[in-house]
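Trainee: This is the structure I have questions about; it appears just below.
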Amino acid sequence: MQYADRRHQADTAVIGMWLFLATEVLFFGALLFTYMIYRGWYPEGFALAISRTEVTIGTVNTILLLTSSFAFTAGLVAAEAGSLKGCAWGCIAALVLGLGFMGLKAVEYAEDFQEHLVPGTGFAIDGPARHGAELFYIFYYTATGIHLAHLTIGIGLVAWLLRGLKRGTITQDHLTPVEVVGLYWSFVDIVWLVLYPLIYLVGRGA
Amino acid sequence: MRGALQRLALAWAALVLAIGASLGLAYLPLGALHMPVALLIALAMAATLATLCMRLAKAPSLSMLFAIGGIAWFAVMLVLGETDYRTRPVVTPETTTRIGAAP
């Protein structure tokens, strides 16, 4: 027998997700480390670039993602109390808020492109701070792009949960998939909570 | 269930306020304190999510070990890496040009 009982199986899945998330901490950690080094080398360029980011969109997106995590958790609490319908509503809310985040991010990218905030020829910021500002925007597109990829996977997983809830493969006795996807979803939210001040805030007021 | 949902709602409201505080502080003349203050707020919010949404305290003990392990190895990478980069001469395109131009 692979597992002693159902709880053992559930614990193994949860522990497996935590192990995966530990590797993700190092994956995003390397990005943050790079940011810290280049920010130390080019403080003026980074401050100038940060002052050009769309802080309103960034702040609204942070609230959207935070709300999605709490909506999902509320769904899990409802499921544990016996309401699979409540769980489905939590998943739907997280899904909609996640899609809202992606939509606003698309608007933000479009504005960045229109303002020529793309490293390379024709970059909007010129002068001695240009090199640092370009490095910031390389970080910006890399970090937000990788975060978006993670969010896309999260949205796919939540959609998969909704399918399972509809088909009856996720039941009151088998909520492990909801628990595990919730861990991943909240982690993606935490990554954004750390990226938010680094991209939109620190250096804005100088 | 009602109690748990109320706790979640309260925590959510507190974190939205924390986002507002982080945004407001960004416009104050804090100088070098901007980064540590912003990161402290972000880490406090992350810890709240890990506790309430990821239920770290109630998770199997191995989960706690992996969570601490991930953060510990990240701290090691950050401290050793920063020590290296902060204690040796910086070679950037600008300093390379200066070195090249030196007599």
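Read-outs: derived from the displayed coordinates by stated rules, not from any lab. Please read these numbers as outputs of a predicted model, since none were measured by experiment. Using ideal geometry, Cβ is built from the backbone for each residue, glycine included, and neighbour counts are taken over all protein chains shown.
Trainee: Looking at A:187, A:132, A:119, which one has the Cα that reaches farthest to the positive end of the dipole of the protein assembly as shown (charges on Cβ: Lys, Arg +1; Asp, Glu -1)?
Mentor: Final value for the positive-end residue is A:187.
Trainee: Still on this structure, please answer the following. Could you work out how far apart the two model spin labels at residue A:153 and residue A:173 are, taking each label as a point 7 Å from the Cα in the direction of the beta carbon, and quote it in nm?
Mentor: The modelled label-to-label distance comes out at 3.2 nm.
Trainee: Rounded to the nearest 500 deg cm²/dmol, what is the calculated helix-only ellipticity per residue at 222 nm for chain A, with -39500 (n - 2.57) per DSSP H run of length n ≥ 4?
Mentor: It comes out at -27500 deg cm²/dmol, rounded to the nearest 500.
Trainee: Next question. Tell me, what is the FRET efficiency for residue B:82 and residue A:163 to the nearest 0.05, using R0 = 45 angstrom and their Cβ-Cβ distance as r?
Mentor: It comes out at approximately 0.50.
Trainee: How many angstrom lie between the Cα centre of the stretch A:88-103 and the Cα centre of the stretch A:153-206?
Mentor: So the two Cα centres are separated by 10 Å.
Trainee: Here's a follow-up. Once the Cβ-Cβ distance between residue A:102 and residue A:9 is put in as r, and R0 is 35 Å, what FRET efficiency do you end up with, to the nearest 0.05?
Mentor: Here the calculated transfer efficiency is 0.55.
Trainee: Using θ = phi - 60° and the Karplus form 6.51 cos²θ - 1.76 cosθ + 1.60, what ³J(HN,Hα) does each residue of the stretch B:29-44 get, whole Hz, x for Gly and Pro?
Mentor: Calculated HN-Hα couplings, in order: x, 8, x, 5, 7, 3, 5, x, 5, 4, 5, 4, 4, 4, 5, 5 Hz.
Trainee: If you don't mind, there's one more thing I want to ask. Net charge near residue A:86: determine it from the other residues with C-beta under 14 Å of the C-beta of residue A:86, scoring Lys and Arg +1 and Asp and Glu -1.
Mentor: Within the 14 Å Cβ shell, the charges total +1.
Trainee: Additional query: Show that you can apply the helix-only estimate: for chain B, add -39,500 (n - 2.57) for every DSSP H stretch of four or more residues, divide by all residues, and state [θ] at 222 nm to the nearest 500.
Mentor: Calculated from helices alone, the mean residue ellipticity at 222 nm is -26000 deg cm²/dmol.
Trainee: Further, regarding this structure: Does chain B classify as rounded, prolate or oblate by the C-alpha gyration tensor (a ≥ b ≥ c root eigenvalues; a/c under 1.5 gives rounded; else a/b over b/c gives prolate, otherwise oblate)?
Mentor: Taking the square roots of the gyration eigenvalues as a ≥ b ≥ c, chain B is oblate.
Trainee: Using the crude model of +1 on Lys and Arg Cβ and -1 on Asp and Glu Cβ, and no other charge, please compute the dipole size for the stretch A:58-158 relative to its Cα centre, in debye to 20.
Mentor: 360
Trainee: Is the stretch B:1-56 rounded, prolate or oblate when judged by the Cα gyration tensor, a ≥ b ≥ c being the square roots of its eigenvalues, rounded requiring a/c under 1.5 and prolate requiring a/b larger than b/c?
Mentor: oblate
Trainee: Same structure again: Name the residue from A:142, A:97, A:176 whose Cα lies farthest towards the positive end of the charge dipole of the stretch A:65-206, charges +1 on Cβ of Lys and Arg and -1 on Cβ of Asp and Glu.
Mentor: A:176
Trainee: Taking the simple approach of a point 7 Å from Cα along Cα-to-Cβ for both residue B:32 and residue A:56, what is their distance in nm?
Mentor: Roughly 3.6 nm, to one decimal.
Trainee: List the GluC sites (Glu not before Pro) within the stretch A:110-206 that fall in a DSSP loop (any state other than H, G, I, E or B) and whose Cβ has at most 12 other Cβ atoms within 10 Å.
Mentor: Taking the stretch A:110-206 and a limit of 12 other Cβ atoms within 10 Å, the loop GluC sites (Glu not before Pro) found are A:115.
Trainee: Which angle from 0 to 90°, rounded to the nearest 10, does the C-alpha axis of helix A:55-80 make with the longest principal axis of chain A?
Mentor: It works out to around 10 degrees.
Trainee: What size of dipole, in debye to the nearest 20, comes out for the protein assembly as shown about its Cα centre when the only charges are +1 on Lys and Arg C-beta atoms and -1 on Asp and Glu C-beta atoms?
Mentor: I would put it at about 680 debye.
Trainee: Next question, about the same structure. Need the list of lysines near residue A:85 for cross-linking: C-alpha distance under 27 angstrom, and skip anything on the same chain fewer than eight residues off.
Mentor: A:166, B:58
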